[in-house]
1. If you check residue 160 against the conditions, is it of a type outside the set (Phe, Trp, Tyr), under 30 Å from residue 92 (Cβ atoms) and out of contact with any Cys (no Cβ under 6 Å at 6 or more places or on another chain)?
2. Hand me the list of helices (runs of 4 or more DSSP H) wholly inside segment 102-164 holding 1 or more residues that are touching a strand residue (DSSP E or B) at 6+ places or on another chain (Cβ under 6 Å).
3. Quick one: which of 112, 127, 122 is touching a Gly at 6+ places or on another chain (Cβ under 7 Å) and over 23 Å from residue 259 (Cβ atoms)?
4. Might you check whether a residue that is within 24 Å of residue 77 (Cα to Cα) and not basic (Lys, Arg) occurs anywhere in segment 210-220?
5. Identify, from the list 248, 252, 225, the residue that is at pLDDT 95 or above and either within 19 Å of the chain's Cα centre (by Cα) or not assigned by TED's automatic domain parsing to the domain that holds residue 190 (or both).
6. Counting just the residues of segment 229-258 that are in a strand (DSSP E or B) and small (Gly, Ala, Ser), which one comes out surrounded by the fewest Cβ atoms within 10 Å (Cβ to Cβ)?
7. Only one residue in 239, 205 is of a type in the set (A, V, I, L, M, F, W, C) and either farther than 20 Å from residue 72 by Cβ or at pLDDT below 95 (or both), so which one is that?
8. Of all the residues that make up segment 195-215, how many are under 24 Å from residue 259 (Cβ atoms) and out of contact with any helix residue (DSSP H, G or I) (no Cβ under 8 Å at 6 or more places or on another chain)?
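The values are calculated or read from the model by the stated rules, or taken from the named source; none is laboratory data. Owing to the predicted nature of the structure, the values given are computational and were not obtained by experimental measurement. Virtual Cβ from ideal backbone geometry, glycine too; neighbours counted across all protein chains shown.
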Amino acid sequence: MSRTFAPDAECAKGGRYRRPSMVYRASTQDYGAETFDESAFVQRVSAFLDNHCPRLDSVDQLIPESRTPPSEAMSLDAARSYQASLDDAGLAGLTYPTEYGGAGLTQRHQELFTQTAAGWRLPDGPLSISHGMCLPMLNAYGTHEQKSAYLPDNIRGTTIWCQMFSEPGAGSDVAGLSTRAVRDGDQWILDGQKVWTSGAHYCDLGLVVARTDPSLPKHQGLSMFIVDLQVSGIDIRPLLQISGTRGFNEVFFNGARIPASSLLGDVNQGWNLAVSMLMF
């Protein structure tokens, strides 16, 4: 299911912002697009999970994590291995097009998988933002070239993605962010700081919202970009929490250059994309 936003004339004129109305475009992968043997699919999913994941018991349900949590490296390896096996079994990216590495199935398949998987402990925690937020955004707003380049590896878990919205001066008020993106020929130059970025220290890529036109009202003038976290000019610093873990990060952009083709959606459409991303 893809989404588009109906224009808000009042907001376009600089007036009060209203939540963008959504227009849903049906696709061949929507619920009910085909009929299939649901029982056989559930059995297939159950068989896969039995071979790759531990079942939950009453104690597991009361204690979400084991008493001795695995190391971060072990968790990442387990997540990647599980996702690769899921992909090999034809059960990864169930509703995404086969053209981009998905299974090309229906939303009903995804619903059945989710319901069935509730009985097992899945090791896919490190992929939650990558698959729950970034993947659907790439599919909904990416160009054919972007989807061809990024979706297959994301679906398989070869690459892991993060979301970079919050800043020291813009937490819940995403529209107040100050990270800048300036066009320079066939590149964009990023400068600024993000904070509380989950998993950035182990992620390969991320979706960043930056201000591209500071002359516009704050809900406007924002754009979203695909950023390779290995490029020069990006400094990622894990934040030590009181628990001793380092799940969140500060991310500094110091003249980081990314290709012009890294823009996701249109210039200055970033606010609408950010709202859409938070709804997945």
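1. Answer is no for this residue.
2. Per the criteria, 135-141.
3. Sole residue among the options that is touching a Gly at 6+ places or on another chain (Cβ under 7 Å) and over 23 Å from residue 259 (Cβ atoms): 127.
4. no
5. Checking each option against the conditions leaves just 225.
6. The extreme case among them is 255.
7. 239
8. Counting residues in segment 195-215 that are under 24 Å from residue 259 (Cβ atoms) and out of contact with any helix residue (DSSP H, G or I) (no Cβ under 8 Å at 6 or more places or on another chain) gives 8.
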